[in-house]
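The structure appears right after this line, and notes come after that.
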Amino acid sequence: MSGFGGNYSGSSNNNNYNSGGGRGSGRGGGGSSGRYSNSSSNYRGGRGRSSGRYNNNSHSRGSGGGGRGGHVNYGPAKFKPCKDYTTKGSCNNSNCSYAHVVQLHGTVNATNSSNNNTTAAAVTSVSIWENSGVIKIFTGSDDGFWRLWNTAGGNFVKEFESPMNGPVSVVQVVNNFLFCGFEAVSRALPDTSVGMVHVWNLQNPSQPPLELHMAPLLPYAHNQAVTALTITTDAGPPKVVSGSRDGSIRVWTFRDNAFVLESDIPGHAREITGLVLLPANNLLWSCAIDGAIRIWDVSQPAKATCQYAITAAPSPPTNPPAPGGAAPSAGHGHTAAVTSLVNFSSPAGAFILSSSLDGTIKAWNGTTGECVASETNGEGVVTMVVAQDAQGNQVLLIGTESGSILCRNLVQTPKAPAFSLLFIMTSFFSAGHQGAVKAITAGPAATFYTGGADGKLLVLQLTGDLQLQ
Ligand SMILES: [Zn+2]
């Protein structure tokens, strides 16, 4: 557990998290993190850069080939993690030629059924609650619970679990509020599962959660499961954007102690998998398993319009323009389900990254939607997060369909091109999931956390010098 102590002072409170109905009051104030700060470089090249350019790196170790434990060719990586160091925290081989750069601090069975991998309920979402120097972790699961894990002392003890009576797709902590998106039977429609969002004030968790309701007679957020959430407190009152399995997107504003429906966006043809709101530009980016990315103008909340649709094939503008839906597309989008979107800023500008089951991660100019980079990853990408390594360099952590975790450099440095593959972890060779990585999130001190289809929560940390500077 070396290197994991520092910030992790222990505390064990026994709060009651009331998961019952009714309304509480809550409010998220303040700004969000400014973690996209210390980069020094740029994305090179123009559109649609493809993979395979990073083969001649003098720091390369090992065979360079991927596919250990699977039959996937991830391409050449700069480092090959040492299994002993990664999984046990130390390596006794003084001649070890593998890299001591990442450690697995814990593997937690985070669902009720995770003893049997063939029937484990997936860990669908992971979020970190950092409060007064204490780190706790929330997980959501297909087994119908969110759970709270205490990390004190390097042990991962379940502190609380809340039954939601249906699969939980999203947990997200923002400013001491827990947002949970799930699917369950509502009081208003006792025979039908609907999509709901509940919000707990973690400073007063015994209060009933705040609920997002479309209307008094429609006490739920979407007709089907809530599959994506993004919350912003950047400009004005807190806003929640929710996306559903039915393809709908809704924007909610906090007003008079409730989240009020502000915008009903037609969204996509299929399940929403990712949302990024850029309040300064009045733009909302969305992605879905229909393979499309859409950019919405939300400056007039009552009539959000699709500015641009990024799809695999070009489509001309329609005349007259179809409301909400058929925006023009120049093509060059993803060719399979889009699985996540993340916001990433560097001195070169603001970018949106998208991941897809087509195996690529693409970088887009955040305001124009122009594709500035595309990298292949050997297999479908399910989730990703921007994180910092132990030296404070920005890296991209990637979770794949087979359960592998990839780490890529994010901004070009004199020693490493943007997007170059730094290392690959698999359950066979070092650490990974048996089944798709469903969620990945970054914490303080270069820690990161992954949730998998195998029902496991992995607690990891970048510990070594990735030789980016
Ligand atoms: Zn070693």
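Close amide H contacts of Ser356 (hydrogens built in the peptide plane, cut-off under 5 Å, sequence separation of 5 or more or a different chain): Thr339, Val381. Rounded to the nearest 0.05, the FRET efficiency derived from the C-beta distance between Asn109 and Asn165 at R0 = 30 Å is 0.90. Which shape class applies to region 110-202: rounded if a/c is under 1.5, otherwise prolate when a/b exceeds b/c and oblate if not, where a ≥ b ≥ c are the square roots of the Cα gyration tensor eigenvalues? Taking the square roots of the gyration eigenvalues as a ≥ b ≥ c, region 110-202 is oblate. Sequence-ordered 3J(HN,Hα) estimates for region 188-201 from the Karplus curve with 6.51, -1.76 and 1.60 and θ = phi - 60° stand at 6, 10, x, 9, 10, 7, 10, x, 10, 10, 10, 10, 9, 7 Hz, glycine and proline given as x.
Note on Asp234 and Gln391: with the Förster distance fixed at 30 Å, the Cβ-Cβ geometry gives a FRET efficiency of about 0.60.
Between Val260 and Asn365, the C-beta separation translates, for a Förster distance of 25 Å, into a calculated FRET efficiency of about 0.20. When you work out D = kT/(6 pi eta Rh) for region 351-426 at 25 °C and 0.890 mPa s, using the Kirkwood radius from C-alpha pairs as Rh and the Stokes-Einstein form, the result is 194 µm²/s. Once the convex hull of the C-alpha atoms of region 336-469 is built, how many Å³ does it hold per residue, rounded to a whole number? Cα convex hull per residue, to the nearest whole number: 100 Å³.
For Trp129, the residues whose amide H sits under 5 Å from its own are Lys136, Ile137, Phe138, ignoring neighbours fewer than 5 places away on the same chain, with H placed 1.01 Å from N. With a simple spin-label model that places each label point 7 Å from the Cα along the Cα-to-Cβ direction, the separation between Thr253 and Asp465 comes to 5.2 nm.
The Rg/Rh ratio for region 209-283, using Cα coordinates for both the radius of gyration and the Kirkwood hydrodynamic radius, is 0.95. The ranking of Cys371, Cys306 from fewest to most other beta carbons within 10 Å of each one's beta carbon is Cys371, Cys306. Sequentially through region 157-173, phi angles give Karplus couplings (6.51, -1.76, 1.60; θ = phi - 60°) of 9, 5, 8, 6, 9, 10, x, 9, 6, x, x, 9, 9, 9, 10, 8, 9 Hz, Gly and Pro residues having no value and appearing as x.
Converting phi to 3J(HN,Hα) with the Karplus coefficients 6.51, -1.76 and 1.60 and the offset θ = phi - 60°, region 369-377 yields x, 6, 6, 10, 6, 8, 10, 8, 10 Hz in sequence order, with x at every glycine or proline.
No lab work stands behind these numbers, since they all come straight from the coordinates. If you're wondering where the values come from, they're calculated on a predicted model, not measured in any experiment. Here Cβ is always computed from backbone atoms with ideal geometry, including for glycine, and neighbour counts include all displayed protein chains.
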